[in-house]
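Contents: one structure, followed by commentary.
The values are calculated or read from the model by the stated rules, or taken from the named source; none is laboratory data. The shown structure was predicted, so the numbers you read here are calculated from the model rather than taken from an experiment. Reconstructed Cβ throughout: ideal geometry from the backbone, glycine too, with neighbour counts over all protein chains shown. Areas reflect the complete protein model, heavy atoms only, side chains present, ligands, DNA and RNA absent. Shrake-Rupley method; radii C 1.70, N 1.55, O 1.52, S 1.80 Å.
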Amino acid sequence: MVKLFARRRAIPDPVSLAPVLDNWMQSPLGNALLEAERAQLAPVLSRVFGYHMLQLSCSPGISMVDDCPVGHKFRFAPGWDAERQVPVANNEALPLGTDSIDAVLLHHALDFTPDSHRLLREATRVLMPGGRLLIVGFNPVSLWGASGLLRWRRSTPWNARFISRRRLTDWLSLLDFHVERVTYGGFLPPIRHPRILSHADRFEHWFDRLGNPTGAFYLIVASKQRMPLTPVVSRWPKLRAPALGSPLAETGRVASGRGTVIPMPPRKNLHRKKTDD
């Protein structure tokens, strides 16, 4: 029984998962979910500024950051596609420098990754101190989460991990993130009926006003609080080199300066001059 449950919870590899998830996102139900997610992301993305914005997703054909004012927006794909020409990289081992990205969007990336902790640590590594981390994930406390549990054969996207919001915020606190806000969306039932999907906007409007936490997805906005360590060098006053003068001769006197000797006339000459006067 345990092996059967583990088999149902298994997630396909990213290369084979990407086209399947892209096709589902373009279906009527997936498109309605994307529109609800874009509506929740719009006010947050409008306040994101910087130079680089990264989107990590298991669906590389879907872009969720087109309306963001950041100049450079990019994403990676698990495999090469000549039509999209998206750079290829592993989301759990990004070819990016540490503290180099101003904002990172995890669009259902934690739901379909083999190692959620590793992906979250990698996103934390590339994010600059003070940068924004946006997480969109499936909410297990929803009709969508219940539908995933009741399905005997969990096809995409019902084979997602459905990580709870509370568990994810605990992970973020351990990584020194400050959670700014949590919102929910996608209140439409997971039914493909065209008449029900046509009223998706009404579902979003009424349930969002009530602050219902049972939406199909949650949006977590967090900021990275960890600051880089800058070595502080103590500024000691510079010590002047000691003034080493020449030995004092019988016919000389040391003047002010370093080793400067001003010759003085012999005492005999001074006595003779006074006699002449």
**Item:** Where trypsin sites (Lys or Arg not before Pro) fall in DSSP loop in segment 1-100, at most 15 other Cβ within 10 Å
**Value:** R47, R84
**Prompt:** Carbon and sulfur: what percent of segment 33-224's accessible surface (1.4 Å probe)?
**Reply:** 53 percent
**Prompt:** Measuring from label point to label point, each 7 Å out along Cα→Cβ, what is the A93 to S16 span in nm?
**Reply:** 2.1 nm
**Request:** Please give the direction-averaged projected area of the C-alpha convex hull for segment 79-199, in square nanometres with one decimal.
**Result:** 9.7 nm²
**Message:** Can you find, among G61, A32, A10, the residue sitting farthest towards the positive end of the charge dipole of segment 1-125, where Lys and Arg contribute +1 and Asp and Glu -1 at Cβ?
**Reply:** A10
**Message:** Pairs of alpha-carbon atoms within less than 8 angstrom and 6+ residues apart define the contacts here; what relative contact order does segment 33-224 have, in percent?
**Reply:** 22 percent
**Complete:** Of all C-alpha pairs within segment 1-151, those more than 26 angstrom apart amount in percent to 26 percent
